[in-house]
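Scroll down for the structure; my scribbles are underneath it.
The values are calculated or read from the model by the stated rules, or taken from the named source; none is laboratory data. Since this is a predicted model, take the numbers as computed values, not measurements. Neighbour counts run over all protein chains shown; Cβ positions are idealised from the backbone, glycine included.
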Amino acid sequence: MRFGVLGPLLVVDGAGAGIPVVAGRSRVLLAALVARANQVVSADELAEIVWDGAPPAAAARTVRRYMTRVRRAVGAEVAERIVTRAPGYSCVAAEDEVDVLRFEALCHQGGAAVRAVDWSRAAELLGGALVLWRGTPLQDAASQVLRDAHVPRLEQLRIQALEWRIEAELHLGRHDLLVPELLALVDEHPLREHAHGLLMLALHRGGRQGEALAAFRNARRVLVAELGVEPAGPLRELHRRILAGDPALAGPPPGRGEDIAADGPTPRQLPAGSPHFTGRADALRALTDLATRAADTRNAVVISAIGGAAGIGKTALALRWSQENADRFPDGQLYVNLRGFDPAGVPVEAGAAILGFLEALGVPPARIPAGQDARAALYRSGLAGRRVLVVLDNARDAEQVRPLLPGSPGCLVLITSRSRLTGLVAVDGAHPLSLDLLSTAEARALLTRRLGVDRVAADPVAVDELTDLCARLPLALNIAAARALARPDLPLAALAGQLRAGSGRLAALDTGDATGSVRTAFSWSFRDLDADAARVFRLAGLHPGADLDRYAAAALAGLPVDRIDGLADLLTRAHLVHPRGPDRYGMHDLLRAYARDLVEEDGENGRRAASTRLFDHYLHTAAVAMDTLFPFEVHRRPRVPRPSTSIPPVTDPAAAWAWLNAERANLAAVATLAADDGWPEHATRLSGTVSRYLMGGVYAEAPVIHAAARRAARRSGDARAEATALLGIATIDYRQGRYPRAVESSRQALDLFRGLGDRAGEARALHNLGLVVMEQGHDHEAVSCLEGALVLFREVEDRAGQAKAISNLSSIALDQGRHQDAIDQNQHALDLFRELHDRTGESHTLIRLGELTSWQGRHEEAAGHLRQALALSRGTDDRSGEAHSTDTLGLVHRRQGRFEEAVDHHRRALELFRGLGDRMGEARTLTNLGELAALRQHYRDATAHYRRAVDICREIGHPSGEAAALKGLDEVAGLDVPP
C-alpha cells in the first residue's frame, strides 16, 4: 500500500492498483491526512483546510460526512488506515508507505552521511529521496491553506537535498555529469549562492575555468540586480581560488572509485528489429510525442509503458521506433530483455540488468558495487545530464522495473510488458500505450510484405480469411506467412483451410520452438494466474458470444459476482481478456481457441454444468427484464426457474432495455448453441421469453433465435414450442416484407395450436395471419382472421390480444373509407392499451389515430397524437414505432404545406426503416417521398422514389403498396421526366 503527496494525491492499494479520489473536498481531506501521516489532525484544522480558511458554521459535522465519503471512495483496505482519534483523524502508515515520510527520512539520513563525509552513501540516499517527487506537492489539492502549510518547507528540503546530492557526487568525481543539472538548478533558483558555487566548482574540475569564472560573473550580476548585494564571502573566496588555480580545488579525478567516465563508450545495445514490422502509425506518433516531451522536460524522466497481449507486437514496436529515433539520444541506447514472461521461467533480476548497463557505460567490473541499491545509485548518477534511451523489454511487473529507471531528466524509458503495469502508471507517472490487434488493412499489408504483392493479389478472399483466422495478431500472421513461404506451391486457400479446422488452428500456428508458438506465447501469461482466475479464463472459452459481463462470468465459473471484478482485473492486466465497455470483457478468436483447449481439463460434466449455469443466467435475466417491460403479457411467456447465481439488476425499465440491447447478440449465440448442443428447453424458452422485445426492431438476431427454437422444438417433439417459434418467425418475416413466408409460418403455427387445443395460441396465430393477408390486399380474409382472433382473445381473457386485434381491424376500416368506425375502434384499443400500461401498443394506436384525424383535416390534433407516439416509441426503444410515427408525421406536415419539415421526417423514417430491414416500411416511405416530390414539381425525384417503391413491393409481394406507387408513376409520367 502506498500514499503520496509529492505530486498529485496518490493512493495505491495492497495489490498495486491506483485508487482515484475524484471529489474535490474529499481529495483535500485525504491529502491533509497523508501530508501529516501518523499525526492527529483535529476536525477544526481539517475544516480550515477543506474550506480554505473560510469554514461554515457546522463545519466539524460536515467534516465527518466527508470522512465517510473518503472511506467509501478508497475501499475497505485503505479505509482501515484512516482512524478516528480525538480530537480528529489520522492516516496510519509505515514510513515506507508514505512518500513524504520516506523523503524526509532519506533526507535526514543523507544529511548525516554528508556530515560524516560518506559521499557514496550520501549520493545514494539523497538520490533515492529526490526520485520520490512526481511534481509539485499537493498540486491537485484545492486548498491554499494546505499548500501553504507544507509546500514551502518541502520545496526547501528538496533543494537542500539536491545540493547535498550534487556536492556528494562532486566529491566522487562526477563533475562532468553534473553540469547540465546545475545549469538547470541555478536557472530555477538564481539567488541560491551555494548552487552557483557548485556549478563553478563542477566547471572548474572539468577543465572549464573560463566558464567557471563566467558563472561567477552571472551570479554576481543576478544578486546585484535582484537584491542590490555583492556575493557572500564563500562564493567570492571560491572565485579567488579558481582565479589563482588553487590545486586543492581539483578534487578526485574522473573515473575514480565507482565513477562512470563522461568520455566512456556510448552504448548502442538495440537489437535488430523485425524486418516485417507493419502499421502502428498512431502508436509510433505517440512515442515520438513522448520523446519530444523528454527533450523538453527538466523535471523528470519520461516513461512509456507499452502493454498488450502475447504476440501483439510490443517488442517490434519498441525496437522499430527506437531504431528510427536513435539519433534523438546521442549519449546512447540501453536495452535489456527482462524475461518477465519467458518459457525458462526465470526473470532477470534488476541488479543483474543494472550490471549489464554499467558495463555498457564503461564502468570496469572491479569498480561496480555488489549491492543492487548501490548499483542503482551509480547507474542513475551515470545517466545524470545525459540523453539516453532505455528499452526494458518483456518486464514482469513494476517492482522489476523501478530500480532501472533513471533519476534525471532527458532520458526516455520504453517498457514492454504483458502486464498493464498499473502501479508504474499510478506511482511513477508512466504513460500507458496499449496495443490492440492490427486493423484489417494492417494485417493485409503485413501478409503482402511477407508473401509479395502477386501472391496476395492472386487470392484476395483467402488472404482476408487468413487475417480473420489469425485474429489479426502479428505473431500468428507471421507464422502463417512463414508456412506459406515454406510451401510456395500451397494455395493460400488451403492454408486457410488448415487453420479453419477447429482445434487445429493453434496446432497450425505452432512452430515447434519455445518462442515462436502462439499456444506457448499465451501459456506464459496463463501460467501465472491463480486458480480462480485460471478457471474463469478457461470457462470463458465456452461462452458462445463475442463478450460477456461480470454476471455471465460468475455464472460460468460458479463464483460470487463480487469475486469476478478482481479476477477480471487480473485477466485484463495479463491481457488475456480485453475490456469491451463498462464491466464487459472479450477475447480475440485465438485466445478463445486457447481457452477452449484448456477447458478440456474440466471434463465433460464440468463443462456441461458451466454451460447450463450460463444458459440459466441468460434465460432468467431475460425473463425478469421482460416482466419489467411487458408485465401485461406475462401470461404469454414461459415460466423460468431462478438460477443459482446472481443476475444483474433489471427491475428498472431503463436497466432492462439496456441489458437486452447489450446482450441481444449473446442471446442469439446462446439460443443457437443451446438448440444444437443438447439444451432444447433453454432455446425454446428463450425464444418465447424475448419474442415481444425482438418485434421492436431487433431484426438481425430475431430470426436466429426463433429458428434455433424451432430446431430445438422439432428435435424434442415439443409441438407447442414449435408453434410459438413459428409465430416469432412469421412476425419478423411480416415486419420485413416477406409475406408468403409469413403466411406459411402463420398457417403452420395455427394448425399446430389447433391440434393441441390451445385456444390462446390459436388466437395469436389467427391474429398474425390476419395482419399478413391484410398487407397482401386480402381484406375479406384479413377481417375474418382478425375477428376470429378477437373472439378467441375474449374467450381466454387476453386483453392485450383484444386491443391489438381491435387496433388492426381499424386499419381495414380506414382503407374501406369507414373513418368513424376506424376512429371508434382505435379509441377503444387505446383505452385498453392504457389500462394495461402497454406503451408500445399505445404508441402504435396513436399513430393510426393520428393518420385518421389527419384524413379528417384535423392536422394539429393528428400531429399531437403522433408526437405522443414518437415520445413513447423512443422511451421504450421501439425503433419500428419511431419509424412509423416519424413517417406519418411527415404526411401530416405535407398536408399542412410544411414541405421542408415533411422531407426531413420522411428521410429520417427511411433511414430507420432501412436500418431495421423493414422493406414494407421502406416502400411506403419512398411512395410518400414520391408524392411530396411531385407536389413540389420535382418530377425526376418523384419518379426515382416511385420506381424504387415499385421494385420493393414486387420483391416482397405487397400489391396494395405496388398499386399506390404505380399510381404515382402514372401521374408524373411525361412531366419533365426523361424516357
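Within the bounds of region 400-408, is there any residue that is touching a residue at least 60 places away in the same chain (Cβ under 8 Å), of a type outside the set (D, E) and out of contact with any helix residue (DSSP H, G or I) (no Cβ under 9 Å at 6 or more places or on another chain)? Within region 400-408 (the criterion being touching a residue at least 60 places away in the same chain (Cβ under 8 Å), of a type outside the set (D, E) and out of contact with any helix residue (DSSP H, G or I) (no Cβ under 9 Å at 6 or more places or on another chain)), the answer is no, since none of the residues qualifies. Remark: pairs (first residue in region 901-916, touching a residue at least 40 places away in the same chain (Cβ under 8 Å) and within 10 Å of N928 (Cα to Cα); second residue among the aromatic types (F, W, Y) and surrounded by 23 or more Cβ atoms within 10 Å (Cβ to Cβ); Cβ separation under 8 Å; 6+ apart in sequence or on different chains) are absent. Take the residues of region 518-531 that are assigned to a helix (DSSP H, G or I) and out of contact with any Gly (no Cβ under 9 Å at 6 or more places or on another chain): which is nearest to A309 (Cα to Cα)? Once the filter is applied, the top-ranked residue is S525. Against the list (1) touching a Ser or Thr at 6+ places or on another chain (Cβ under 6 Å); (2) under 30 Å from A398 (Cα atoms), the condition G581 fails is (1).
Can you name the condition, by its number, that R505 falls short on among (1) modelled with pLDDT of 85 or more; (2) in a helix (DSSP H, G or I); (3) basic (K, R); (4) within 33 Å of the chain's Cα centre (by Cα)? Of the numbered conditions (1) modelled with pLDDT of 85 or more; (2) in a helix (DSSP H, G or I); (3) basic (K, R); (4) within 33 Å of the chain's Cα centre (by Cα), the odd one out for R505 is (1). Every listed requirement among (1) modelled with pLDDT of 90 or more; (2) within 26 Å of R919 (Cα to Cα); (3) buried (at least 17 other Cβ atoms within 10 Å of the Cβ); (4) more than 51 Å from the chain's Cα centre (by Cα) is met by H780 save one, (3). Only helices (runs of 4 or more DSSP H) whose full extent lies in region 572-687 are considered here, and the ones with at least 1 residues that are touching a Leu at 6+ places or on another chain (Cβ under 9 Å) and at pLDDT 95 or above are 603-629, 653-676.
With the requirement that a residue be over 36 Å from the mean Cα position of the chain (by Cα), part of a loop (DSSP other than H, G, I, E, B) and not basic (K, R), what does region 29-65 give you?
N38, Q39, V40, W51, D52, G53, A54, P55, P56, A57, A58
Please work out which residue is farthest from the chain's Cα centre (by Cα), limiting yourself to region 270-315 and to residues that are basic (K, R), at pLDDT 85 or above and at negative phi. Once the filter is applied, the top-ranked residue is R285.
The rows are residues; the columns are (1) buried (at least 18 other Cβ atoms within 10 Å of the Cβ); (2) modelled with pLDDT under 85.
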| position | (1), (2) |
| --- | --- |
| L223 | yes, no |
| E230 | no, no |
| G233 | no, no |
| L249 | no, yes |
| R256 | no, yes |
| R268 | no, no |
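Candidates L46, L30: the one that is buried (at least 22 other Cβ atoms within 10 Å of the Cβ) and in contact with a Cys (Cβ under 8 Å, 6 or more places away or on another chain) is L30. Of everything in region 848-872 that is of a type in the set (A, V, I, L, M, F, W, C) and farther than 17 Å from R894 by Cβ, the residue that is surrounded by the most Cβ atoms within 10 Å (Cβ to Cβ) is A869.
Across region 384-411, the number of residues qualifying as within 17 Å of D428 (Cβ to Cβ) and of a type in the set (D, E) comes to 2. Against the conditions (1) within 36 Å of the chain's Cα centre (by Cα); (2) at pLDDT below 90, V100 satisfies every one except (2). Figure legend. Inter-residue proximity from region 462-475: first residues hydroxyl-bearing (S, T, Y), second residues outside any helix (DSSP H, G or I), beta-carbon distance below 6 Å, spacing 6+ or different chains. No pairs are indicated.
Looking only at residues in region 546-575 that are crowded, with 19+ Cβ neighbours inside 10 Å and small (G, A, S), the one that is farthest from A305 (Cα to Cα) is A555. Assess whether A161 counts as being at pLDDT 90 or above and over 30 Å from L101 (Cα atoms). Considered against the rule, which asks whether it is at pLDDT 90 or above and over 30 Å from L101 (Cα atoms), A161 comes out as no. Looking across region 713-769, the residues that are under 17 Å from A671 (Cα atoms) and polar (S, T, N, Q) come down to S716, T724.
Pairs are defined by a Cβ separation below 6 Å, a sequence spacing of at least 6 or placement on different chains, a first member in region 362-385 that is not assigned by TED's automatic domain parsing to the domain that holds V131, and a second member that is modelled with pLDDT of 75 or more and aromatic (F, W, Y); the pairs so defined are Y379/F357.
Yes/no matrix, rows are residues, columns are (1) acidic (D, E); (2) under 30 Å from I49 (Cα atoms):
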| residue | (1), (2) |
| --- | --- |
| L101 | no, yes |
| A116 | no, no |
| R121 | no, no |
| Q139 | no, yes |
| D148 | yes, yes |
| L157 | no, yes |
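Annotation note: Cβ proximity below 8 Å between a residue of region 696-708 that is in a helix (DSSP H, G or I) and a residue that is of a type in the set (D, E) and modelled with pLDDT of 80 or more (sequence gap 6+ or interchain) occurs for A708/D676. Can you find a residue that is farther than 19 Å from G728 by Cβ, surrounded by fewer than 19 Cβ atoms within 10 Å (Cβ to Cβ) and over 30 Å from the mean Cα position of the chain (by Cα) anywhere in region 634-653? There is at least one residue in region 634-653 that is farther than 19 Å from G728 by Cβ, surrounded by fewer than 19 Cβ atoms within 10 Å (Cβ to Cβ) and over 30 Å from the mean Cα position of the chain (by Cα). Would you check if T68 is assigned to a helix (DSSP H, G or I) and β-branched (V, I, T)? Criteria met by T68.
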